[in-house]
Amino acid sequence: MGRSYWFECSKCGYRAKVSGGPDRGFHFFVQTVACRDCKQLYDAVTRLKIPDESNARNMLSNWRQPSPLSLSQRRNFSKPPTFESVLNQLIYRGIRRFKWISFKLQCPVSHLHRVQNWNAPDKCPRCGLYLDRDAMVYRIWE
């Protein structure tokens, strides 16, 4: 079960809802990153659990004609999905075989932005003062 917290800067008033470091749920892993170009904190998806292609293709053939494209060709896994899209994704039913795919750390706004790992307690991406973590958990996911 992953957890998200409120982090707040007492100097500039910046607030972010992030994990505060590496975290994981049942279906994905995240790492909090600081984007130097956006001056924001984000939870970036680093690993994602997807259905195994060979087993999923057999399951789909029972329902309709199989597509000439494989699942990995239909889905673009070169760019990691956003934290919100993975969090709101429905779970897979009836599939027994899964595989994990890994992603490089990227800013969700643009892959050209420069990012670095951010682990609490660490500095505010805007002013450089250390961020304060709220004592209560903001969200428990998965």
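The values are calculated or read from the model by the stated rules, or taken from the named source; none is laboratory data. For clarity, every value in this text was computed on a predicted model and none was experimentally measured. Note that we place each Cβ from the backbone using ideal geometry, even for glycine, and neighbour counts take in every protein chain shown. Ligands, DNA and RNA are excluded from the accessible area calculation, which covers all protein heavy atoms including side chains. Shrake-Rupley method; radii C 1.70, N 1.55, O 1.52, S 1.80 Å.
A few notes on this one:
- Selection from segment 1-10 of residues that are surrounded by 14 or more Cβ atoms within 10 Å (Cβ to Cβ) and of a type in the set (Ser, Thr, Tyr): Ser4, Tyr5
- Residues that are open to solvent by 100 Å² or more (accessible area, probe 1.4 Å) and over 22 Å from Trp100 (Cβ atoms), drawn from segment 11-27: Lys11, Arg15
- Residues of segment 59-118 that are at pLDDT below 80 and among the β-branched types (Val, Ile, Thr): Ile91 alone.
- Per the conditions (1) part of a helix (DSSP H, G or I); (2) at pLDDT 90 or above, the sole criterion not satisfied by Ala56 is (2).
- Pick from segment 85-113, criterion loosely packed, with under 11 Cβ neighbours inside 10 Å and not polar (S, T, N, Q), ranking: nearest to Lys49 (Cα to Cα): Ile91
- Looking across segment 90-122, the residues that are in a loop (DSSP other than H, G, I, E, B) and among the β-branched types (Val, Ile, Thr) come down to Ile91, Ile95, Val109.
- With respect to the stated conditions, Pro125 fails to be surrounded by 16 or more Cβ atoms within 10 Å (Cβ to Cβ) and either touching a Ser or Thr at 6+ places or on another chain (Cβ under 6 Å) or in a strand (DSSP E or B) (or both).
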